[in-house]
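Worksheet: one structure, shown below.
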Amino acid sequence: MELTKEQIQYIDNYLKDKGIKYWDVRIEMVDHLVSDMENYSGLVDFETLFKRSLKNANWDSNLEFIHIQSWKHTNKIYRKMHFQEIWNCIKQPKYLIGFIMLYLVFYWITTRFPEALKLLSFLVLGFPMLIMLIEIVRSLVKKLGKSVNIQYGFFYFSFGIIMMNLPIQFLPKAYLHIWMPIVMTIYLIMMFAGYKVYRFALKKVLKMKVLM
Amino acid sequence: MRNSKLYKGSLNTIILKLLKEHDKMYGYEITQKVKTITKGELNITEGALYPALHKLEAEGLLDVEVVKVDNRLRKYYKLTETGSKETVNKLNELAEYIKTMQALVNPKLA
């Protein structure tokens with residue numbers, strides 16, 4: 001029995017109502033259930049068949065748990081990817097040289113012109129944030145919806161801000177010109193790695209969205 | 001999954017092996033294929049299959065292709081170049097493991 005567009009939409013709505021909030025998680029679940037239902041050769045009504053397939057997949061109860069598992073698991077994947085991207089920045093000579101150069105330029109400016117430290121730090125902090133803001137607006141315009149990939153893409157994009165917030169507040173004021181270039185370089189590495197993770201998530205989501 | 005503790009460690013190898021033989025497959029297809037090959041002995045649960053597929057994808061061993069099929073989207077998984085190499089390694093590892101277990105459990109057959 002081949003399911004209609006309305007029946008497939010019903011399954012998607014059911015999963016959404018039962019707690020699977022992210023459409024990119026539901027895609028695979030919907031296809032799994034529909035495939036199982038269409039694979040059934042007997043004569044039975046849609047409701048009974050749907051319940052049977054939910055039971056077969058162990059999704060007849062506790063879908064909230066699957067929802068939590070899905071974002072926990074996606075987080076694990078993106079966290080690993082973020083760490084890998086940070087490692088790539090250190091490992092790959094082109095990135096390493098780039099970040100060392102950034103550090104040296106920052107250090108040279110702050111030692112030569114201490115009064116520029118605040119402005120320079122503000123600019124370095126603000127530049128990735130500006131890119132992030134643009135990306136948030138772009139994702140809103142593209143109507144990407146509630147996507148687990150985009151959520152974690154943004155989370156790891158902003159991870160540098162979260163992580164560097166504390167050290168910046170507790171830096172010894174007298175040695176700011178020494179510490180700030182180090183903290184800012186680490187911040188930029190984390191933000192750059194986060195941006196690459198976000199781009200991966202965006203590419204993945206857009207690929208799916210275009211087909212919907 | 002029957003005898004889940006024994007099979008759990010081999011799930012990734014099972015997925016990689018199937019994808020090596022079938023070019024590209026989707027989640028439901030994998031569960032059905034395993035059921036058919038093992039004559040219903042091994043039933044991969046959805047709760048184990050999808051996290052494993054996503055993990056292999058994140059490790060760069062699998063590539064995903066999303067295709068529209070009859071009013072819905074379907075995620076097809078296929079091996080990447082690294083995935084193909086890793087499949088050979090994993091299968092060799094598994095063969096070694098079976099050989100070792102055979103020697104321990106049934107020395108006459110080993």
Seminar exercise, completed: Only one of (1) more than 15 Å from the chain's Cα centre (by Cα); (2) under 22 Å from A:Asn56 (Cα atoms); (3) in contact (Cβ under 8 Å) with a residue 12 or more places away in the chain does not apply to B:Arg72, and that is (3)
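For every residue, the table says whether it meets (1) in contact with a Lys or Arg (Cβ under 9 Å, 6 or more places away or on another chain); (2) closer than 22 Å to A:Val105 by Cα; (3) in a helix (DSSP H, G or I).
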site: A:Trp179; (1), (2), (3): no, yes, yes
site: A:Met184; (1), (2), (3): no, yes, yes
site: A:Tyr195; (1), (2), (3): no, no, yes
site: A:Ala201; (1), (2), (3): no, no, yes
site: A:Met208; (1), (2), (3): yes, no, yes
site: A:Leu211; (1), (2), (3): yes, no, no
Seminar exercise, completed: Of the residues in the stretch A:54-69, those that are at the interface with another protein chain (Cβ under 8 Å from one of its Cβ atoms) and in a helix (DSSP H, G or I) number 2
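Say whether the condition of being under 22 Å from A:Phe192 (Cα atoms), in a helix (DSSP H, G or I) and away from chain B (no Cβ under 11 Å) is met by at least one residue in the stretch A:111-118.
Taking the stretch A:111-118 as the starting set, the residues that turn out to be under 22 Å from A:Phe192 (Cα atoms) are A:117-118.
Filter once more, so that each one left must be in a helix (DSSP H, G or I): A:117-118.
Now restrict to residues that are away from chain B (no Cβ under 11 Å): A:117-118.
Scanning the stretch A:111-118, I find at least one residue that is under 22 Å from A:Phe192 (Cα atoms), in a helix (DSSP H, G or I) and away from chain B (no Cβ under 11 Å), so the answer is yes.
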Problem set entry | Output for the stretch A:31-48, where each listed residue is within 14 Å of another protein chain (Cβ to nearest Cβ) and either over 33 Å from the mean Cα position of the chain (by Cα) or surrounded by fewer than 15 Cβ atoms within 10 Å (Cβ to Cβ) (or both) | A:Glu38, A:Asn39, A:Tyr40, A:Ser41
Exercise. So which of A:Lys72, A:Lys51, A:Lys76, A:Lys80 ends up being surrounded by fewer than 15 Cβ atoms within 10 Å (Cβ to Cβ), part of a helix (DSSP H, G or I) and facing chain B (nearest Cβ under 9 Å)?
Worked result: A:Lys80
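Quick one: which of A:Ile150, A:Ile136, A:Ile162, A:Ile131 is farther than 30 Å from B:Lys75 by Cβ and assigned to a helix (DSSP H, G or I)?
Step by step, each of A:Ile150, A:Ile136, A:Ile162, A:Ile131 is checked, and only A:Ile162 is farther than 30 Å from B:Lys75 by Cβ and assigned to a helix (DSSP H, G or I).
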Problem set entry | Long-range neighbours under 7 Å by Cβ, at least six apart or interchain, first residue without any contact (Cβ under 8 Å) to a residue 40 or more places away in the chain within the stretch A:81-106, second of a type in the set (A, V, I, L, M) | A:Leu96/A:Ile90
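Here is a yes/no grid of residues against (1) among the small types (Gly, Ala, Ser); (2) buried (at least 18 other Cβ atoms within 10 Å of the Cβ):
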{"position": "B:Leu6", "(1), (2)": "no, no"}
{"position": "B:Glu21", "(1), (2)": "no, no"}
{"position": "B:Tyr28", "(1), (2)": "no, yes"}
{"position": "B:Gly40", "(1), (2)": "yes, no"}
{"position": "B:Glu59", "(1), (2)": "no, no"}
{"position": "B:Gly83", "(1), (2)": "yes, yes"}
{"position": "B:Glu86", "(1), (2)": "no, yes"}
{"position": "B:Asn89", "(1), (2)": "no, no"}
{"position": "B:Thr100", "(1), (2)": "no, no"}
Exercise. How many residues, within the stretch A:16-48, are assigned to a loop (DSSP other than H, G, I, E, B) and touching a residue at least 24 places away in the same chain (Cβ under 8 Å)?
Worked result: 6
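Read-outs: derived from the displayed coordinates by stated rules, not from any lab. Just so we're clear, the structure is a prediction, and the values are computed from it rather than from any experiment. For neighbour counting, all protein chains shown are included, and Cβ atoms are generated from backbone atoms with ideal geometry for every residue, glycine included.
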